[in-house]
Each structure stands twice: as structure tokens, then as C-alpha cells.
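Shown next, in C-alpha cells, is the structure this report addresses.
Quick note: the coordinates plus some simple rules give every number you see, no bench work behind them. Model, not experiment: these values are computed from the prediction. Positions of Cβ are backbone-derived with ideal geometry, glycine not excepted, and every protein chain shown enters the neighbour counts.
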Amino acid sequence: MWSNVAAHVMADAPALGTVLDALAADASVEALALAGTPGAKCWGTSGARPALFCALTNADVEVLIEALQVQGLAAGLRTLEIRSQAGVGDKGAAAIAAGLLADPTCALEHLDLTGCEVGAEGARALCSAIAENPASCLKTLRLGWNPLGRAGGLAVAELVGSNRTLEVLGLCNTSLDTMATVCLYSALRENSVLVDVDLQKALLYSKHEDTTKHAGQMLCLNASIQTLNLANCTVRRWEGGGGIALLPCTRSR
């Protein structure tokens, strides 16, 4: 169980090995939650499970994923949360993409990388692995508080356009630009699987009148979304296209 994983990583990632070794030998291997400084860059994840606290780097994540594969536990992992880790960025995300999400035996349903340093390259790796794996069953993807930028946002929009399983998408505070946001709304028009989309302060700038109409038009066409969170976007009232109006709020059906 986790004691075997701990032994495998101890030499190359002693801090991580110590944390994993503290888990009971018979603890469930279906979920693993690792967090950095409590509360740091982690708002928007109220449903997050209690986490083991440790400071991780990209190298630690690479060693962890390798250990899960070698110990035969990768296929049984359902939830992976690595939150508030300033040392985890594109390389760490790429390791998760290649080692878990691209694996045809992957059973991962929930991935939370809130509060890390994943940029466009990491986002592209994650989204490509999910989209290209026909066996993917990922239901939740949280990338909030990561510097995705335009390129990362476009990668997520492309994933949404081909999405088959994703139900929850968290993109709060990800420094998207207008183009990425408009593409995301465009992809959401045809998506009938996503039910919860968090775009709290996702855009780089404070006022986004240009995107408001796209959000309103998308909501007129998408009957599946139950919650669209646009809090802290400072969106001004927009009227047009049949009198659609959207104010900064959490919108739920």
C-alpha cells in the first residue's frame, strides 16, 4: 500500500516519502491529497478533502507518479489533489498527464491542481492526455490559481469542445484573456456534460464587457450547466441579443 510507495520515493523525495509513510499501511489508495501552506492560494476549493501537508517540487511529483506505476497503484487511484504547491508547475503537470491521464487503464475521476504554478505547457499536456485517452473517466478538473494565460485557456477550451466525461471545471484566477474566454464560452455552447464551471476572476483584467454577451448567449443555448460562477469579475450589465442581461454573481439553475 502507501508504505510501499513511501519506500520507493524515500531516496529521491525524502519529504514526500516521510509524509506517505505516515499513512496507515491499509489506508485506501483510491485518493491522495497533498497540500502546501494551509490556505495559501486555495480559495475556490471548498469541497477539498483534508490533505497531508508537505512542500512539493516537480521532481517530487515525477517520483510519485513513477512510484504509483511501479507499485501497480496508478490504475486504482480515483482522486489526486496537489494544492498550493509553488514548486509544482508544467513539468509536474506533464508527469501526471503522461503517467496517469494518458494511461488506458487510468481510472482517475478527480484532479485538483489548485494553487500551483501550471502554465500553458502544463495545461496543454493535461488537456491533450485527457482528450486523446478514450478510456478517460475524469469528472472533475480544477486548475484555479494557476497562470494558464491565453494559451492554457485555449487548450482547456479545446478540451471542453471534445469533452465526454468532465462535469466540473475550475478555472478561477487563471489569467485568461478575452480570446481564451470567448473560445471557452463558444465550446460550452455545444457541451452537454459540464454542470459546474467556476470562472471567478479568471480573466486578467477587471472589466470584461466584451465577454459578457458571449456568456449570456452561451447560457441561452446550453441546457446542462447548473452553476456558472462569475464572482469577482466586475462584469458590467450588458443588454442586447433579445434582452439578455448578466450581472456578476454565481448563476445556478
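Below is a table of values for the structure above.
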quantity: At R0 = 51 Å, FRET efficiency that the Cβ-Cβ distance of residue 190 and residue 18 yields, to 0.05; calculated: 0.60
quantity: Added length on full extension, which subtracts the Cα-Cα distance from 0.36 nm per residue, residue 71 to residue 53; calculated: 4.2 nm
